[in-house]
Amino acid sequence: MKESSARTRILDVASRLFYEQGYNSTGINQIIEEAEIARGSLYNHFPSKRDLLTAYIQQAEDRWFAELDKFLATLKDPRQKLLGLFDFRIERQLRSNFGGCLFSKIGAEVPKDDLNAFELVYHQKERFKIYITELLQQMKLSEPQALSQEMLANALFMIFEGATAIASISKSDQAIRDAKKIAESLI
């Protein structure tokens, strides 16, 4: 097995396990066994479980935005794209059986002094908020707005994040559908 394919296999297995059963509940031995690799191979690519976590978060962010771009590719109108964010989240939650946001899950699991992990999670959240802001900048919002564009972006971001958390807990997409209606009324 080539080293690059071993690295990919390790990261794929770790990603699935971290998401499904949690970072803290996933052991190195389980990753080695399910990836069907030697212990040395794992440590050759990832010197520690923490290094594997970093790679997981970075890869997840890249994949998340690539999937988002693909999902919204057919939509040209920024307003429709903004509302499409909620449809994207519904699709992801249905696919994961309401497993929740992997970034929020990691943020809830890592020790409070793991500033690097929090920085990586925060980066994804900020990148998404910027994405929302850029869509709002492309829109022709009716004047005057009760909220500044920055406050509107923050509100939409928080509605999105909150609805995702509630959908995960309730195992239903209703909160995300309601959040989409709220967003529609705000824009």
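Of note:
- Hits in segment 109-148 - residues which are surrounded by fewer than 14 Cβ atoms within 10 Å (Cβ to Cβ) and within 18 Å of Y19 (Cα to Cα): P111, Y122
- Test: Q21 is over 30 Å from K140 (Cα atoms), outside the structural domain of S168 (by TED's automatic domain parsing) and in contact (Cβ under 8 Å) with a residue 12 or more places away in the chain: no
- Residue count for segment 92-116, restricted to those that are in contact with an Asp or Glu (Cβ under 9 Å, 6 or more places away or on another chain) and part of a helix (DSSP H, G or I): 5
- Residues that are surrounded by 18 or more Cβ atoms within 10 Å (Cβ to Cβ) and out of contact with any Ser or Thr (no Cβ under 6 Å at 6 or more places or on another chain), drawn from segment 56-71: I57, A60, E61, W64, L68
- The single residue among A38, A73, A66 that is of a type outside the set (D, E) and not assigned by TED's automatic domain parsing to the domain that holds K180 turns out to be A38.
- Here L11, L17 are screened, and the one residue that is in contact with a His (Cβ under 9 Å, 6 or more places away or on another chain), more than 30 Å from K181 (Cβ to Cβ) and crowded, with 16+ Cβ neighbours inside 10 Å is L11.
- Boolean, E36 is out of contact with any Pro (no Cβ under 7 Å at 6 or more places or on another chain) and within 27 Å of S5 (Cα to Cα): yes
- Of the helices (runs of 4 or more DSSP H) lying entirely inside segment 24-81, the ones with 1 or more residues being of a type in the set (D, E) are found at 28-35, 49-72.
- Test: residue in segment 32-55 that is surrounded by 14 or more Cβ atoms within 10 Å (Cβ to Cβ), more than 23 Å from the chain's Cα centre (by Cα) and polar (S, T, N, Q): yes
- Per the conditions (1) closer than 26 Å to S168 by Cβ; (2) without any contact (Cβ under 8 Å) to a residue 12 or more places away in the chain; (3) not aromatic (F, W, Y), the sole criterion not satisfied by E33 is (1).
- Residue check, R95 among the basic types (K, R), within 30 Å of I182 (Cβ to Cβ) and free of Cβ contacts under 8 Å to residues at least 12 places away in the same chain: yes
- Test for L102: is it in contact (Cβ under 8 Å) with a residue 12 or more places away in the chain and over 18 Å from N24 (Cβ atoms): no
- Residues in segment 73-104 that are of a type in the set (A, V, I, L, M) and out of contact with any Gly (no Cβ under 9 Å at 6 or more places or on another chain) were compared, and the one that is surrounded by the fewest Cβ atoms within 10 Å (Cβ to Cβ) is A73.
- The test for being modelled with pLDDT of 95 or more, small (G, A, S) and closer than 30 Å to R50 by Cβ holds for A66.
The values are calculated or read from the model by the stated rules, or taken from the named source; none is laboratory data. Here the structure is a predicted model, which means the values were calculated and not measured. Cβ atoms come from the backbone with ideal geometry, glycine included; neighbour counts cover every protein chain shown.
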